[in-house]
Each structure stands twice: as structure tokens, then as C-alpha cells.
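Coordinate-derived values only; no laboratory data. Fair warning: this is a prediction, and the values are worked out from it, not measured in the lab. In this analysis, Cβ positions are derived from the backbone assuming ideal geometry, glycine residues included, and neighbour counts consider all displayed protein chains.
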Amino acid sequence: MEGWRGVIAIDGPAASGKSTLARRVAGELGLAYLDTGGFYRAAALAVLRAGEDCDHEEESVAVVCRAAIAQSDGRTSLDGEDVEKEIRTQRVSEAASKVAALPGIRRILVERQRRWVEDRGGSAVVEGRDIGSVVFPDAEVKVYLTAASDERTRRRAAEMTEDTEPEEVGESLARRDQKDISRAASPLHRMPDAIEINTTALNPEEATGEVLKMVHGCRATE
Ligand code: CDP
């Protein structure tokens, strides 16, 4: 189905399978793939490296303004250094959830994310928490991805390279979800025009098939 143009927004809670799905859909359609969580994670790493507090807006904004965050093929770099491994640690996950609640940080990163897609001709598969609501409210296809919390914990524990107890992984996911849902700035919620896909009992091929069906449907109505 190469040749399809537009934005496919994939939002949902932590470890619901967004990255796996977004990569596969992008591959099938020949589209670019943007992991906006990688931007928040790299921003948090920049703040941590600068020795600032991730809850302090003014200091964090000053650091992130100067930070060069780039992404290509789903790999994130900070000031020219590939930080893909470092940003997936528990420490950076917790810090990302804090900086993501700061409106000043969101303003900077949302603008950079829009520009990233613009630079690729305006078409991409974009995953995050506020893609269908704030970053691309006019996205052609909007998906809200969920999965049972036990399954999300199992998946995240399996992909982590650090030695972390599954219990700790589950608590961290729940803590971040709660913060993402309850924050004032761009909270996570399902948009009325987003189609919910529950991946608890779906394998990646099946979930990808569901999204491709939506893309087909969207083309038919053009
Ligand atoms: O991979 P996982 O689902 O655990 O998280 P992520 O997508 O890498 O995002 C890391 C953190 O960034 C989340 O806990 C959110 O607080 C924040 N985030 C956000 O607020 N808005 C986005 N568009 C993407 C991520």
C-alpha cells in the first residue's frame, strides 16, 4: 500500500505496544516513523546531565532549548550522541514523565515534532500521548492503543536491558500512566475520533492488520 500520504497518530499508555505497531505500519506503508516519547526521554536526559531538577520548569526549559534532539529510524540522539540505550533506563523513564508535565517543555518539543514531520513531506506514523489531540489533531488516522496492565508489565520487563524486578517495572508504568492521565498539560485521553485497539490478545501482525484496514477505509473515502 505504498503511496499513502498523511499522518497516522498512535496514542496510548506506557508499554501498550505503540512502538512495535508504529514501526510495522510505517514499514508497510513506506512512511517515516516518529517516536515522540524519545524526545521527552532525551529532554529528560539533558536536564539530568545538566544537574537540574526535572520538576523545575524554568531551568529545564533553558536546558532543553539548547539541546539538539534528533531522531532517525526510531533512534534518538542528543547533541550528536546516540542515547537510545540510556534513555530506556528506569531513571530516565521517571524523569521523562516529570519533564513531560511541564507546559514549557511540551511547547518546545511539540513544535520540533511538527517540524520533523513537515521535513518529511508531512506524512508519518507518529506515536505518543497527545498526537491525535494536540500535535496532529487533523491526523487522517487516529489509534488509541491499550493492553491489560499485567501484559504491559510483562512486555516491558522482557525488553528491558537493566536488571529490574517485574514488580518495580509494573509500579513504574502505573505511576507514569497516572501522571500522564492526570496532568493539566495535554493529558493522555482517547479522542472521540480515535479507534481503540486492545492488544492484550493480539500479536503484532494482527494489530498491524487492524491499522492497515483503517488506512484502507480512509483511502476509500477520499
Ligand atoms: O515507551 P513508553 O510507552 O513507556 O513511554 P514513551 O512513549 O517513551 O514516553 C516516555 C514519557 O514521555 C511518558 O511517560 C510520557 O510522560 C511522556 N510523553 C508525553 O507526555 N507525550 C508524548 N507525546 C510522548 C511521551
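Could you tell me which numbered condition GLU167 fails, if it satisfies all but one of (1) touching a residue at least 12 places away in the same chain (Cβ under 8 Å); (2) at negative phi?
So the condition that GLU167 fails would be (1).
Taking interchain pairs and intrachain pairs at least six residues apart, which have beta carbon atoms under 7 angstrom, with the first residue in the range 19-31 and among the basic types (Lys, Arg) and the second surrounded by fewer than 18 Cβ atoms within 10 Å (Cβ to Cβ) and in a helix (DSSP H, G or I)?
ARG24/PRO204
Would the range 171-183 turn up any residue that is free of Cβ contacts under 8 Å to residues at least 40 places away in the same chain and either acidic (Asp, Glu) or touching a helix residue (DSSP H, G or I) at 6+ places or on another chain (Cβ under 8 Å) (or both)?
Checking the range 171-183: at least one residue is free of Cβ contacts under 8 Å to residues at least 40 places away in the same chain and either acidic (Asp, Glu) or touching a helix residue (DSSP H, G or I) at 6+ places or on another chain (Cβ under 8 Å) (or both).
For a quick check of your reading: which strands (runs of 3 or more DSSP E) sit entirely within the range 1-104 and have at least 1 residues that are closer than 24 Å to SER149 by Cα and not β-branched (Val, Ile, Thr)?
Fully inside the range 1-104 and qualifying: 7-11, 32-35.
Which of the residues spanning the range 118-159 are aliphatic (A, V, I, L, M) and under 17 Å from the mean Cα position of the chain (by Cα)?
Answer for the range 118-159, where residues must be aliphatic (A, V, I, L, M) and under 17 Å from the mean Cα position of the chain (by Cα): ALA124, VAL125, VAL126, ILE131, VAL134, VAL135, ALA139, VAL141, VAL143, LEU145, ALA147.
Check ASP193 against each of (1) in contact with a strand residue (DSSP E or B) (Cβ under 6 Å, 6 or more places away or on another chain); (2) more than 23 Å from GLN90 (Cα to Cα); (3) within 16 Å of the ligand (Cβ to nearest atom) and name the one condition it does not meet.
Just one mismatch for ASP193, condition (3).
One line per residue, one yes/no per condition, for (1) within 12 Å of the ligand (Cβ to nearest atom); (2) touching a residue at least 40 places away in the same chain (Cβ under 8 Å):
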site	(1), (2)
ILE105	yes, yes
ALA124	no, yes
VAL141	no, yes
ASP150	no, no
